[in-house]
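Below is one structure; the comments refer to it alone.
The values are calculated or read from the model by the stated rules, or taken from the named source; none is laboratory data. All values reported here derive from a predicted model rather than from experimental measurement. So basically every Cβ, Gly included, is an ideal-geometry build from the backbone, and we count neighbours across all protein chains shown. To get the accessible areas, we keep the full protein, side chains included, count just its heavy atoms, and leave off ligands, DNA and RNA. Shrake-Rupley method; radii C 1.70, N 1.55, O 1.52, S 1.80 Å.
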Amino acid sequence: MPKLTFYPLGNADCCRVDLENGDQLLFDYAAVRDPNDPYDKRSDLPVELRNDLRKRERNWYRVVGFTHLDRDHICSASEFFYLEHAQKYQVGDRVKINELWVPAAAITEEGCYDEDRIIRAEARYRLRQGKGIRVFSRPENLRQWMADQKISFEEREHLITDAGQLIPGFTTLVDGVEFFVHSPFATRQNESELVERNINCLVLHATFTVGQVQTKAFFGADATHEALTDIVGITKYHGRQERLEWDVMKNCHHSSYLSIGPEKGKEKTEPVPETEYLYEDMALNRAIMVSSSCPIPSNDDSNQPPHRQAAKYYQDCATARSGKYKVTMEHPRISRPEPLVIEIDGTKARVVEAFSAGITSIVSRPAPRAGGNG
């Protein structure tokens with residue numbers, strides 16, 4: 001059955017998507033655990049992923065997508081993946097990427113000096129080669145960069161997917177899933193000379209089909225409330241509200257209040273109308289929210305997410321749909337977090353709860369709606 005695995009990495013991201021046909025996609029990769037700190041409870045991400053790949057007798061992912069180039073989404077990726085643009089990233093037992101997904105900003109952004117520079121180089125190399133990559137949106141600065149590099153835009157246009165389109169290569173019939181692109185928008189990137197990574201990040205909507213039952217997942221990356229306002233407004237304008245419905249929501253930016261509204265609030269963040277529509281009206285019965293973050297604090301000592309006020313809002317949204325709000329570094333318990341696994345089948349999405357005694361419990365199993373369309 002399809003499965004989503006969210007790794008406990010503190011305020012960092014990695015989600016593995018396992019399809020029914022055996023293919024796998026990996027969204028973001030942040031190996032942030034300190035191996036020299038025995039008290040670091042975050043997942044040893046490269047070990048976790050290699051163990052899974054070893055069981056499958058493979059060393060590749062069909063897709064690896066980097067939603068944007070912030071450190072908490074790409075940390076140590078150059079040490080784990082086989083990168084085609086330079087031989088020094090091809091030694092050892094590295095994991096291959098059949099297709100790399102990046103927003104256009106990952107190619108056009110200047111001022112990259114660390115891991116982001118390496119991922120940018122890989123994306124640029126693959127685009128030059130004309131294979132093994134999918135780029136999201138076509139802002140003018142992408143066209144200009146390609147012209148400067150003497151790369152034919154027309155000959156690479158099939159590698160570019162815009163917001164409002166389905167991603168080629170994935171169908172319900174063959175893969176049991178289709179991916180709809182919500183962001184980035186080329187127009188927003190054209191308006192700014194500086195790349196705003198959170199606003200221009202890759203935001204996707206997935207529709208999994210098992211039997212006749214659809215299960216929908218919204219992958220919000222680090223989208224701000226301004227970006228979500230654009231997403232909701234444009235999607236409603238085109239009459240495609242079904243692409244906003246969700247059974248599983250990967251919460252934006254580690255449960256930051258800025259993905260809900262402009263003000264943190266005293267006890268609870270208040271949404272702007274568009275985020276209220278997304279988080280409340282588009283949530284389906286017994287929906288599951290996932291916060292890829294540190295434990296929710298009880299005070300406001302830190303300005304960094306997660307913010308307790310945002311968490312309160314999300315908890316209320318989940319409760320209103322008889323659902324769950326899960327925090328990766330609190331699952332199944334704060335003292336010993338483990339990967340959060342969500343299985344998808346003919347009864348929609350369910351959180352797998354594993355206990356040390358070997359007994360497995362399934363929670364958050366929503367009943368399908370009449371007609372099986374969620």
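Pick from Glu270, Glu280: which is over 24 Å from His73 (Cα atoms) and touching a Cys at 6+ places or on another chain (Cβ under 8 Å)?
Numbers: Glu270 fails: touching a Cys at 6+ places or on another chain (Cβ under 8 Å).
The unique qualifying residue is Glu280.
Has region 323-337 got at least one residue that is over 22 Å from Cys14 (Cβ atoms), open to solvent by less than 10 Å² (accessible area, probe 1.4 Å) and not aliphatic (A, V, I, L, M)? Even if it seems obvious, please write down each step before you answer.
Residues of region 323-337 over 22 Å from Cys14 (Cβ atoms): 323.
With open to solvent by less than 10 Å² (accessible area, probe 1.4 Å) added as a condition, the list becomes none.
For region 323-337, residues over 22 Å from Cys14 (Cβ atoms), open to solvent by less than 10 Å² (accessible area, probe 1.4 Å) and not aliphatic (A, V, I, L, M): absent.
Given the condition touching a Pro at 6+ places or on another chain (Cβ under 8 Å), over 30 Å from Val32 (Cβ atoms) and charged (D, E, K, R), answer yes or no: does some residue in region 265-287 qualify?
We begin by selecting, within region 265-287, every residue touching a Pro at 6+ places or on another chain (Cβ under 8 Å); these are 272, 279-280, 284-287.
This time we only want the ones that are over 30 Å from Val32 (Cβ atoms), so: 272, 280, 284-286.
Okay, now just the ones that are also charged (D, E, K, R), so 280, 286.
Yes, the conditions are met somewhere in region 265-287.
Do you know which residues across region 273-304 are open to solvent by less than 30 Å² (accessible area, probe 1.4 Å) and in a loop (DSSP other than H, G, I, E, B)? Steps first, please.
Filtering region 273-304 for residues open to solvent by less than 30 Å² (accessible area, probe 1.4 Å) gives 275, 278-279, 282-284, 287-293.
Once the filter is applied, which keeps residues that are open to solvent by less than 30 Å² (accessible area, probe 1.4 Å) and in a loop (DSSP other than H, G, I, E, B), region 273-304 yields Met282, Ser292, Ser293.
When you scan region 305-322, how many residues do you find that are of a type in the set (A, V, I, L, M) and open to solvent by 20 Å² or more (accessible area, probe 1.4 Å)? Let's see the steps before the verdict.
Keep residues of region 305-322 that are of a type in the set (A, V, I, L, M), which gives 310-311, 318, 320.
So of that shortlist, the ones also open to solvent by 20 Å² or more (accessible area, probe 1.4 Å) come out as 320.
Residues that pass the stated criteria total 1.
Among the residues of region 133-152, write down those that are in contact with a strand residue (DSSP E or B) (Cβ under 9 Å, 6 or more places away or on another chain) and either within 29 Å of Lys236 (Cβ to Cβ) or open to solvent by 20 Å² or more (accessible area, probe 1.4 Å) (or both).
To start, the set of residues in region 133-152 that are in contact with a strand residue (DSSP E or B) (Cβ under 9 Å, 6 or more places away or on another chain) comprises 133-138, 142.
Answer for region 133-152, where residues must be in contact with a strand residue (DSSP E or B) (Cβ under 9 Å, 6 or more places away or on another chain) and either within 29 Å of Lys236 (Cβ to Cβ) or open to solvent by 20 Å² or more (accessible area, probe 1.4 Å) (or both): Arg134, Val135, Phe136, Ser137, Arg138, Leu142.
Being of a type outside the set (Asp, Glu), in contact (Cβ under 8 Å) with a residue 40 or more places away in the chain and in contact with a Ser or Thr (Cβ under 9 Å, 6 or more places away or on another chain) narrows it down to one residue among Lys216, Lys266; which is it? Let's see the steps before the verdict.
Numbers: Lys266 fails: in contact with a Ser or Thr (Cβ under 9 Å, 6 or more places away or on another chain).
It is Lys216.
Going by what's in this entry, would Val47 be described as among the hydrophobic types (A, V, I, L, M, F, W, C) and open to solvent by less than 60 Å² (accessible area, probe 1.4 Å)? Working first, answer last.
Numbers: among the hydrophobic types (A, V, I, L, M, F, W, C): yes; open to solvent by less than 60 Å² (accessible area, probe 1.4 Å): no.
Answer is no for this residue.
Restricting attention to region 159-171, which residues are open to solvent by 60 Å² or more (accessible area, probe 1.4 Å) and either at positive phi or not in a strand (DSSP E or B) (or both)?
Residues satisfying the conditions are Gln165, Pro168, Thr171.
Which of the residues spanning region 277-303 are among the acidic types (Asp, Glu) and closer than 16 Å to Lys250 by Cα? Talk me through it step by step, then tell me what you get.
Applying the first criterion (among the acidic types (Asp, Glu)) to region 277-303 yields 280-281, 300-301.
Answer for region 277-303, where residues must be among the acidic types (Asp, Glu) and closer than 16 Å to Lys250 by Cα: just Glu280.
Select from region 210-249 the residues that are touching a Phe, Trp or Tyr at 6+ places or on another chain (Cβ under 6 Å) and part of a helix (DSSP H, G or I) and write down the one among them that is surrounded by the most Cβ atoms within 10 Å (Cβ to Cβ).
Selected residue: Val232.
Name the residues in region 250-272 that are in contact with a strand residue (DSSP E or B) (Cβ under 6 Å, 6 or more places away or on another chain) and open to solvent by 10 Å² or more (accessible area, probe 1.4 Å), would you? Walk me through it before giving the result.
Here is the first cut: in region 250-272, the residues in contact with a strand residue (DSSP E or B) (Cβ under 6 Å, 6 or more places away or on another chain) are 250-251, 255.
Residue satisfying the conditions is Lys250 alone.
Looking at Arg126, is it in contact with a Gly (Cβ under 8 Å, 6 or more places away or on another chain), surrounded by fewer than 14 Cβ atoms within 10 Å (Cβ to Cβ) and more than 30 Å from Pro295 (Cβ to Cβ)? Please lay out each step first, then the result.
On the way: in contact with a Gly (Cβ under 8 Å, 6 or more places away or on another chain): yes; surrounded by fewer than 14 Cβ atoms within 10 Å (Cβ to Cβ): no; more than 30 Å from Pro295 (Cβ to Cβ): yes.
The answer is no for Arg126.
Mind checking which strands (runs of 3 or more DSSP E) fall wholly inside region 1-107 and carry at least 1 residues that are without any contact (Cβ under 8 Å) to a residue 40 or more places away in the chain, over 24 Å from Ser137 (Cα atoms) and under 17 Å from the mean Cα position of the chain (by Cα)?
Details: elements: 3-6, 15-18, 24-27, 60-65, 95-103.
Those strands (runs of 3 or more DSSP E) span 15-18.
Taking the condition in contact (Cβ under 8 Å) with a residue 60 or more places away in the chain and in contact with a helix residue (DSSP H, G or I) (Cβ under 7 Å, 6 or more places away or on another chain), does Val203 pass?
Values: in contact (Cβ under 8 Å) with a residue 60 or more places away in the chain: yes; in contact with a helix residue (DSSP H, G or I) (Cβ under 7 Å, 6 or more places away or on another chain): yes.
Against the criterion (in contact (Cβ under 8 Å) with a residue 60 or more places away in the chain and in contact with a helix residue (DSSP H, G or I) (Cβ under 7 Å, 6 or more places away or on another chain)), Val203 qualifies.
So how many residues does region 108-148 have that are over 23 Å from the mean Cα position of the chain (by Cα), charged (D, E, K, R) and farther than 25 Å from Tyr89 by Cα?
Result for region 108-148: 3.
Arg156 passes all but one of (1) within 23 Å of the chain's Cα centre (by Cα); (2) open to solvent by less than 60 Å² (accessible area, probe 1.4 Å); (3) of a type in the set (Lys, Arg); which number fails?
(1)
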